[in-house]
Amino acid sequence: MAALGAWRLLRPGRRWFSETVPGDPSPSGSPLYPPVVASITAKSKAAKSRRLQRFNQRVHAAATVEEKLRLYGKLQRPKYMVYPQTFALNADRWYRSFTRTVLVPGMPPRGAAAKPPVAAAGATREAGRAPEPGAEAPAAAEAPGDRVAPGAAAGAAPNVDIDELRSLACDALLQESFYQNKKRPFLYRDQDHTPGPFLTQLVSTLAASLSGRNPLLAASSLDLSPEVNYYWHHGEEVVLHGHRKGRVDPVRFQIDDNPHLQIRVPKQLPEVVPLESDLGDVPVIDHKPSKLPLFKKQYENKVFIGSKVADPCCYGHTQFHLLPDRLKRERFIRERLEDQIEVVYRSNGIASLFAWTAAQAMYQGFWSEADVTRPFVSQAVVTDGKYFAFFCYQLNTLALTAEAIKNNPRKNICWGTDSKPLYDVVEDGNVKGFNDEVLLQLVHFLLNRPKEL
Amino acid sequence: VFPGVRQAQWLTKTKLVEGLPPAVQGIVDNQALGLQELEERAKHVVSHARLWDTTEVAPRREKYCPVLFENLLHICRLMSGKYPSLSKRMLARKFRISATWERESILLQVRGLSGILMNSMTPIPPVASKEEILATKEHVLETFYPIAPTIDLQEVNVYRELNDTGQCFRDGYPYSHPHTLFFLESANVRTDRFRPEQLRAKMLMFAFGNALAKAKALHGNDPKVLEQPIVVQSIGTDGQLFQFMVFQLNTTDLVSNDGVKNLVWIDSDQNLYERAQCVPEVKKRVVKKPAGIFGFQPDTFKKFLALYLHGTV
C-alpha cells in the first residue's frame, strides 16, 4: 500500500529512541521520494523519449561490440534500401543528403594534413607529375621519368618504377581480353567475362608488387566479392497507414553492397583533414526519399565490413567496384543522359564508402549517440573495366538521427574524380593509348599508409 | 573401383615417389625465408575463411574453400615484395585444357575445365637428376590384369585431336609455362566432392595433360625422351585436407611400356587444421570448447608456400 511504503521510506533506519539532533540529514542520505519521471509504457511524447533514453543507456552499457551491434539493429521495421549502383537520376545528390556528405571534386592533397585543403578541380601533384612519364614512356623508358617533381612537399612521393607496373597492367589486360581463349560471354554478363577478371588480376598483382614499399599492404587481407552492410536512421517521418498510423518514426536506411574486391588492413589510414573541417554544403532535399525512387522492405538490420568483429584487419583501405552491364556508358548515351554517367560513379563511391567507413566505426564501438572521436578514412575505385574514377572518403560523424543531428556541426567529406579511361583499345596483342595518370593514381591509392609506417 | 592413382600412373607411364622432392623440401626447411612469421598470418587467414567471413554463424564449404585458397595465395603473392621475380606469374581462372596421347594402342584424351592455373614466364627447373630419370627404366609399371586399364574412363568418339595449351592461350603469350594447377573441391554435399584418392588421380591426369601439351608445343609431336624435362606442380584441397604433387614429364614416348618413365612426387592428406569451431561448445553451462581454430599445422602452409616459390627461389 502506498501509505505504508511511504511510511517506511520516511523512517529509514530511524530508531524510536535515537539521540540524533533533529535537523540532521537521515543517516542513509537517500531522497525522500522516488524521482518523478515520465512513464515507460504510455502513449505520450515524454514516454517515448524516456524509452529512447533507456535504449541508449542499454546500448552504451553493452559489454562487447557484438552485443552493441545486436541491440542497435534489434528492432526490425520497414526501411529504405539504398543501392550504391543505381540508375536513378541525380542519385548522388540524394545520397549526399542521406549521409550528410560534402563532395569535393579532385583528390585530396597528399602530405598536406596541416595545410587547409585546396578544393581545386583535379589539380593535384600527382596529375602534374604524371604527364612527364606519359610523354617519355613511348620514347626510351628512363627511370628519371617517374622521379619526384621538383619542389614537392615533405609528403612521401614514392619512387615507383612505372614501366614495370605498366607492363604488369598491360599483361593482365591482354591475358583477359586477348590471350586466354574463353567462350562467348553470357547474355548481359559482359562484365563478368573480361573486366571482372582483369580487375582482380590487376589489383592482386599490383598489391603484391607494391607490398615491398608499403608494409601496411604486406599485412593486409584481400577479399573477393565481400559483403558490406550498414543500417542507419536519418530524419523523421510520420507513419502513413497501419496500426502505427500517425506516429513520428525515424527514416531508416540500409545499404547492402557487394564490392568486386576489397583490401582490409590492421591499422587505420591517416586523416586527410581535421575532424571539424567544413569544406562545403550538404544538399537539402525536401522530398521524401521514396521519390528518388527508393523502396522499403523489412529484413535483418546488418552492419558488416566484410568480416566479423574478431578479425584483426578491421580497418578499410581500398574498395574496387565494377559497374554492371545495365549501367554501362553506351546505354546512357543511347538514352541521351550523358550527364548521368558521372552521377553513377559518384553515387557508387559515396554510398559504398559511407557504408564501409560507418561500419568500421561501429566495429570500434562508436554509434549515433557516441560519435566518432577520430575520422575514419577509406578509398574506393569505381570502374567499368575501361574508365576509372577514384574516391576518398572521410567519415567525421555518425550522428545522423533526428536528435543527434541538432547539435552536430560536422559533415562527412568525399573527394572524387571524374572517370578517365585507362587505355583506348586492345588490338592484336597490343594495348593502345595506355594512360599512365590513371595507373599512377591507382598506385598512390595502394601506397597510402599511416605516417609512422 | 580401386585406388585411382595407380590407374593414373599406368595411363601416364609414371613412377610414384612418396613425399615432396628434395628441392621443394629444401625451400620448406630454409630458415632464411622467414616462414615462421608467416605462421601467425596463416592462422589468421584460416580463421577468416572458416569463421569470420560471413554474416551468418558459419560459412558453407562453397564459400570458405575458395576464400581460404585466395587468402593463402594472397599471402604467397605478398612474398614478391622480397622476391621481385615472383611477379612474373599470372593466374588463369576457368582454364580449359585438352591433351591427347596413345598408350599401347589406346587413344586417351584429357579435357576439361581444370580449375585454376598459374603460369610463369620461366619454367621450373627439373627436379630429378639424370641418374634418377635413367633409373626409372628399371621400374616396371604395375598392370591390373585382368582388369583393363581403361576401366571407368569414358569412351568417346574423338573427331579432332586437340593438343596444345595454345588452344587455351594464343601464340605470343608471355607467361607460357604452366607452373601450378589448383583444384578446389568446394561442393557442399560430400558425395559431390572427389575423395582424396580420386582427387589425386585427377590432379595427376591434368598435370600430365598440361605438361604433355607444353612438351608438344615446344618439341613437336614426335614421341621421344625429353632433354629438358617439364615440371608441373599441382595442389588440391577441400578446404581442410591438402594434396601436394610435383610431376616431371621425362618422355613423350608413351606407346610402349618400357624405357624412361615420368616421375611424380605426391604428399597426400596434409591437414591444415584439425577443427574449426564456429560456436563455442557449451555443456551444462560450462564452455567445453571455445570458438576458434584447433590443431593448426604450420607445415602444410609451409609446403604450400614452398610449392609457390619453387622455380624462383
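The values are calculated or read from the model by the stated rules, or taken from the named source; none is laboratory data. The shown structure was predicted, so the numbers you read here are calculated from the model rather than taken from an experiment. A quick note on method: Cβ atoms are made from the backbone with ideal geometry, for glycine too, and the neighbour counts reach across all protein chains shown.
Some points to look at:
- Subset tally (residues that are without any contact (Cβ under 8 Å) to a residue 12 or more places away in the chain and more than 7 Å from chain A (Cβ to nearest Cβ)) for region B:65-80: 0
- Hits in region A:177-212 (condition: over 27 Å from the mean Cα position of the chain (by Cα), at the interface with chain B (Cβ under 9 Å from one of its Cβ atoms) and assigned to a helix (DSSP H, G or I)): A:Phe178, A:Tyr179
- Qualifying residue in region B:108-129 (condition: exposed (fewer than 14 other Cβ atoms within 10 Å of the Cβ) and over 25 Å from B:Leu241 (Cα atoms)): yes
- Residues that are part of a loop (DSSP other than H, G, I, E, B) and either surrounded by 19 or more Cβ atoms within 10 Å (Cβ to Cβ) or out of contact with any helix residue (DSSP H, G or I) (no Cβ under 7 Å at 6 or more places or on another chain) (or both) within region A:404-422 comprise A:Asn408, A:Pro409, A:Arg410, A:Lys411, A:Thr417, A:Ser419, A:Leu422, listed in sequence order.
- Scanning region A:213-229 for residues that are more than 8 Å from chain B (Cβ to nearest Cβ), of a type in the set (A, V, I, L, M, F, W, C) and out of contact with any helix residue (DSSP H, G or I) (no Cβ under 7 Å at 6 or more places or on another chain) turns up just one, A:Leu216.
- In region B:81-116, residue farthest from the other protein chains (Cβ to nearest Cβ) [restricted to those that are in contact with a strand residue (DSSP E or B) (Cβ under 8 Å, 6 or more places away or on another chain), on the phi < 0 side of the Ramachandran plot and not in a strand (DSSP E or B)]: B:Ser114
- Against the test of being among the acidic types (Asp, Glu), at pLDDT below 95 and within 28 Å of A:Glu237 (Cα to Cα), the options A:Glu403, A:Glu452, A:Glu427, A:Glu437 yield a single qualifying residue, A:Glu403.
- Some residue of region B:39-58 being surrounded by fewer than 21 Cβ atoms within 10 Å (Cβ to Cβ), within 23 Å of B:Lys302 (Cβ to Cβ) and hydroxyl-bearing (Ser, Thr, Tyr): no
- Within region A:377-421, the set of residues being of a type in the set (Phe, Trp, Tyr) and under 21 Å from A:Met362 (Cα atoms) comprises A:Tyr393 only.
- Whichever residue in region A:259-309 is under 16 Å from the mean Cα position of the chain (by Cα) and part of a strand (DSSP E or B) and, among such residues, is nearest to the other protein chains (Cβ to nearest Cβ): A:Phe304
- For region B:37-53, filtering for residues that are among the hydrophobic types (A, V, I, L, M, F, W, C), at the interface with chain A (Cβ under 10 Å from one of its Cβ atoms) and touching a strand residue (DSSP E or B) at 6+ places or on another chain (Cβ under 7 Å) leaves 1.
- Being charged (D, E, K, R), within 14 Å of another protein chain (Cβ to nearest Cβ) and not in a loop (DSSP other than H, G, I, E, B) is a description that does not apply to A:Asp249.
- Among residues that are in contact (Cβ under 8 Å) with a residue 60 or more places away in the chain, touching a helix residue (DSSP H, G or I) at 6+ places or on another chain (Cβ under 8 Å) and over 27 Å from B:Leu78 (Cα atoms), A:Gln364 is included.
- Flag if B:Lys63 is farther than 21 Å from A:Ala207 by Cα, assigned to a loop (DSSP other than H, G, I, E, B) and among the basic types (Lys, Arg): no
- Selection status of B:Phe242, in contact with a strand residue (DSSP E or B) (Cβ under 8 Å, 6 or more places away or on another chain) and buried (at least 22 other Cβ atoms within 10 Å of the Cβ): yes
- Of residues in region A:166-175 being more than 9 Å from chain B (Cβ to nearest Cβ) and buried (at least 21 other Cβ atoms within 10 Å of the Cβ), the one nearest to B:Ala92 (Cα to Cα): A:Leu173
- Qualifying residue in region B:279-295 (condition: within 24 Å of the chain's Cα centre (by Cα), surrounded by fewer than 19 Cβ atoms within 10 Å (Cβ to Cβ) and modelled with pLDDT under 90): no
- Given (1) under 26 Å from B:Val264 (Cα atoms); (2) touching a residue at least 24 places away in the same chain (Cβ under 8 Å), number of the condition B:Glu138 does not satisfy: (2)
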